[in-house]
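Where a number appears in this text, it was derived from the coordinates with a stated rule and is not lab data. As the structure is a prediction and not an experimental result, all values here were calculated from the model. We place every Cβ from the backbone using ideal geometry, glycine too, and count neighbours over all the protein chains shown.
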Amino acid sequence: MPGLPGAAHSLSHSGDCASFHASACSRPPEPSKRIFMASHFPSEPEDAGLVAKGRSGDNAEPLTVSEISQALKRTVEDRFGFVRLRGELSGVKRAASGHMYCALKDEKAVLDGVMWRGNTQRLPFQPEDGLEVVASGKLTTYPGRSKYQIVIERMELAGEGALLALLEKTRARLAAEGLFASERKRALPFLPRTIGVVTSPTGAVIRDILHRLADRFPSRVIVWPVLVQGQGAAEQVAGAVHGFSAMPEHHPDRPDLVIVARGGGSIEDLWSFNEEVVVRAIADSAIPTISAVGHETDTTLADYAADRRAPTPTAAAEMAVPVRGELAAVLADYEARKKRAILRPVQLGRERLQARAERLPAREALLQSHAQALDELAERLRRGLRDRAAQGRERLSNLRLGPAVLERNLREAHRALAGQKLSPALVERPLAERRERLAALQRVMRSLDPDTVLARGYVRVTGPDGTTLTDRAAAADQSSLTLKFRDGDLQVAPGETPAPSPPPQPSRAAPRRRVRDSGTAPAQDDLFG
């Protein structure tokens, strides 16, 4: 039958049977799969005709390409239903559907592989080119391209050396991005009010941290429970770090410090803290972070990304808070130093004051000179008063008042008065000027007097307090009004119609007093009063 050599050639690419699982080599081929035996082919060549014809002794119908492909697929899957291959990954790529396509190779052969999305999501590491892995699955064929491949169900790193190589490769790549740079490291808060801890809530790590914090400085602790090992642990740890950072600034539960902690273990147990998603979450954290993963000899990529690395979770608690007793001692020392600093100047001032007081002279010595000067001034005052009284008595004794002396003084005063030439014009002129100014002021006063127009029929309205009202609104607000006429006043209320008043009686004009002008000026006052 045609096609058997090609099928045998394809199967020969699978390599030596000893490299696969033992169960795949020990099974004999089933009878139903023996349709591709060489004895079924004619031993002697026949002339090829234009149209296919049946041959003597041949009872097999020709197979289609799909049929032979499906037969090969069943043969390969039945023979190699479970194999474990060790090789280096090459051409790793993820499709939009989530499936992963790759190739396993060694120095002599290459085998295509595919891993479906469900198995890819359970991978504990990120496959990359160059990694040496052990892949478990089954061999199958892909009829669309006449190729065979392995459907990978499980993939593991080929030994701890491969795991360390992947770790170093990831570390170098992230370090080149600057995630581990010292410039990114931030100082830890001196005394955080709230501490966030990302760890497993059931392990001994959280108990060690809480116990150490209680011994040093009791603080408020918020635990974000996560898985610290196995499938999905890296995503939970990264989500917890992002969750703390996403809290608002003034949120009461927002921590001032975050501790990412886990106990010790093998490199496989700590691998979640080497995942890129955890490293980037710690590097991007808005809150200062301490990494306390494993024991002192364990190092993960989370330690490089954190602001501080603690060798153990207990050491992380010691880094987070100071010792309360030591703080109290420091404060007490500061208090004592403050008191000494306050009292020292007072003490020095008291000592200086005492020294200066001792050098001051006595009060009696300071007042002796002043007391002596006071005595001398008092004596001089008494002498001066006596001398002044004596001089007064002497001047009084020299004054002899008699009629002759008084008459002589009077005659001298008369002569002085007669010597003064006083003209009446000197007095009349100022009086005339003042009289004219007074008359002018009277004329102005009469022109400004509001009652001068009352004789012509006008009325002046005043309020209860005597204020003249000039507008209607002001008059309406008053309780009573006074109307001033030429011959008298009339009391009215706003809104009332005044009763008609009797006709005014003719008033008798007061007789004008005739001022007799004597034509003589008033007598001049005595200049001597």
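Could you work out how far apart the two model spin labels at SER136 and ALA432 are, taking each label as a point 7 Å from the Cα in the direction of the beta carbon, and quote it in nm?
15.0 nm
Quick one: what are the phi-derived ³J(HN,Hα) couplings along segment 297-310, Karplus 6.51/-1.76/1.60 with θ = phi - 60°, whole Hz, x for glycine and proline?
Once θ is set to phi - 60°, the couplings for segment 297-310 become 7, 7, 9, 10, 5, 5, 5, 5, 7, 6, 6, 9, 10, 10 Hz.
Can you list the HN-Hα couplings for segment 382-388, worked out from phi with the Karplus curve (6.51, -1.76, 1.60; θ = phi - 60°), rounded to whole Hz and with x for Gly and Pro?
5, 5, x, 5, 5, 5, 5
Mark the label point 7 Å from the Cα of SER266 along Cα→Cβ and return the residues of segment 204-234 whose backbone N is within less than 20 Å of it.
The answer is 228-234.
Identify, among THR297, ALA316, GLN231, the residue whose Cα sits farthest towards the positive end of the charge dipole of segment 184-322, taking +1 on the Cβ of Lys and Arg and -1 on the Cβ of Asp and Glu, with the dipole about the Cα centre.
ALA316
Please get the size of the charge dipole for segment 72-171, origin at its Cα centre, with Cβ charges of +1 on Lys and Arg and -1 on Asp and Glu, quoted in debye to the nearest 20.
460 debye
Report the calculated FRET efficiency for LEU188 and SER479 (r = Cβ-Cβ distance, R0 = 60 Å), to the nearest 0.05.
E(calc), rounded to 0.05, equals 0.10.
Once the piece of chain linking THR467 and VAL277 is laid out straight, how much longer is it, given 0.36 nm per residue of separation minus the C-alpha distance between them? Kindly include the intermediate steps, with their values, before the conclusion.
Details: separation 190, 0.36 × 190 = 68.40 nm, distance 9.43 nm.
My answer for the length gained is 59.0 nm.
Could you work out how far apart the two model spin labels at ARG359 and GLU177 are, taking each label as a point 7 Å from the Cα in the direction of the beta carbon, and quote it in nm?
A separation of 7.7 nm, rounded to one decimal place.
Work out from phi, with θ = phi - 60° and the Karplus expression 6.51 cos²θ - 1.76 cosθ + 1.60, the ³J(HN,Hα) of each residue of segment 466-472, listed in order in whole Hz, and give x for Gly and Pro.
Here the 3J(HN,Hα) series is x, 7, 6, 9, 10, 9, 5 Hz.
What does the extension gain come out to for ARG388 and ASP451, with contour length at 0.36 nm per residue minus their alpha carbon separation?
15.5 nm
What's the Kirkwood radius of segment 184-322 in Å, using all Cα pairs?
Numbers: mean 1/r = 0.0692 Å⁻¹.
Hydrodynamic radius (Kirkwood, Cα only) of segment 184-322 equals 14.4 Å.
Apply the a/c threshold of 1.5 to the C-alpha gyration tensor of segment 267-358 and tell me whether it is rounded, prolate or oblate. Walk me through the numbers before you get to the answer.
Working: a/c = 6.84, a/b = 4.16, b/c = 1.65.
Prolate is the answer for segment 267-358, as a/c is 1.5 or above and a/b outweighs b/c.
Taking 7 Å along the Cα-to-C-beta vector as the label spot, tell me the ARG337-LYS105 distance in nanometres, rounded to one decimal.
About 6.9 nm, to one decimal.
For GLU326 and GLN70, what does the FRET efficiency come to when R0 = 56 Å and r is the distance between their Cβ atoms, rounded to the nearest 0.05?
Values: r = 79 Å, r/R0 = 1.42.
About 0.10, to the nearest 0.05.
Taking amide H atoms as placed 1.01 Å from N in the peptide plane, list the residues 5 or more away in sequence, or in a different chain, whose amide H sits under 5 Å from that of PHE485.
Counting only residues 5 or more places away or on other chains, the set is LEU490.
About the Cα centre, and with charges only on the beta carbon of Lys, Arg (+1) and Asp, Glu (-1), how big is the dipole of segment 404-486? Nearest 20 debye, please. Spell out each step's value before the answer.
Numbers: 15 positive and 10 negative charges, 91 e Å.
Here the size comes out at about 440 debye.
So what is the relative contact order for segment 343-499, in percent, with contacts set as C-alpha pairs under 8 Å and at least six apart? Each step should come with its number before you reach the end.
Values: 70 pairs, mean separation 15.9, N = 157.
Value for segment 343-499: 10 percent.
If you place +1 on the Cβ of every Lys and Arg and -1 on the Cβ of every Asp and Glu, how big does the dipole about the Cα centre of segment 184-322 come out, in debye to the nearest 20? All intermediate terms of the calculation are to be shown ahead of the outcome.
Details: 13 positive and 16 negative charges, 97 e Å.
I would put it at about 460 debye.
Report relative contact order for segment 184-322 in percent, whole number only (criteria: Cα-Cα under 8 Å, sequence separation at least 6). If you can, show how the numbers build up before the last one.
Values: 296 pairs, mean separation 42.9, N = 139.
Result for segment 184-322 is 31 percent.
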